[in-house]
């Protein structure tokens, strides 16, 4: 079946540090890939997406590249801020999946001033 | 800004009771999804509607669960004879056909079964 695996957390960084959150997936065909973010006390929000191999999604300084050969979609940011503290979920929509999202477990990021 | 809204935000119920949750999607969105999220896990798909038609149900959705979207606008999710294992956050999301990759989520209803 379809699945998403995220690196174990939580992650704690100092402000302005470089962030990488790993995400790999298992799916047949060519899924679309997403990163969602959940800030404290808020609902899930789409952060970025990529719908085909080698596409790069980007938003708010975050980037992720769809790597078909390694089935990965790692999230990166060059300089994190305290306001980036949140839970981050990697997700996919598989081919023919009627747009239903399959999520990873999520990872909590805390950024210290 | 009229995003996806859910009611109630919190529900505490005793085991064996029935509960009903409501979701109001973004007004022009014709697809509506229900997900369930337990502590430390990502959301899991339960069911989705296109307009008033329920097009898919997950195997997670036992016979005690039923969802409706009678006029293609708001949706309800009912759980009958609740069990402690039903304790979770129930999330609703909506999207437009053709932009279904962009699902907008509500704040969720947190259910606690005692």
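Here, each number is a calculation from the coordinates, and none is a lab measurement. As the structure is a prediction and not an experimental result, all values here were calculated from the model. Here the Cβ is made from the backbone with ideal geometry for all residues, glycine too, and neighbour counts use every protein chain on show.
For B:66, B:94, A:83, the sequence from fewest to most other C-beta atoms within 10 Å is A:83, B:66, B:94. The ranking of B:38, B:114, A:102, A:65 by Cβ neighbour count inside 10 Å, starting from the fewest, reads B:114, B:38, A:65, A:102. Starting from the Cα of residue A:58, step 7 Å toward the Cβ, then list every residue of region A:11-48 with an amide N under 15 Å from that point. Only A:48 fall inside the zone, counting backbone N under 15 Å.
Spin-label pair residue B:12-residue B:96: with each label point 7 Å from Cα along the Cα-Cβ axis, the two points sit 4.2 nm from one another. Where a ≥ b ≥ c are the square roots of the eigenvalues of the C-alpha gyration tensor, would you call region A:31-96 rounded, which needs a/c under 1.5, or, failing that, prolate if a/b is larger than b/c, or oblate? Here region A:31-96 falls in the oblate category.
Working note: Debye formula, equal point scatterers on the alpha-carbon atoms of chain B, no solvent; log10 I(q)/I(0) at q = 0.11, 0.17 Å⁻¹ is -0.31, -0.76. Averaged over the residues of peptide B:29-41, the number of Cβ atoms from other protein chains lying within 10 Å of each residue's Cβ is 2.
So how do B:110, B:69 line up by other beta-carbon neighbours within 10 Å, fewest first?
Details: B:110 16, B:69 22.
Listing B:110, B:69 from fewest to most nearby Cβ atoms yields B:110, B:69.
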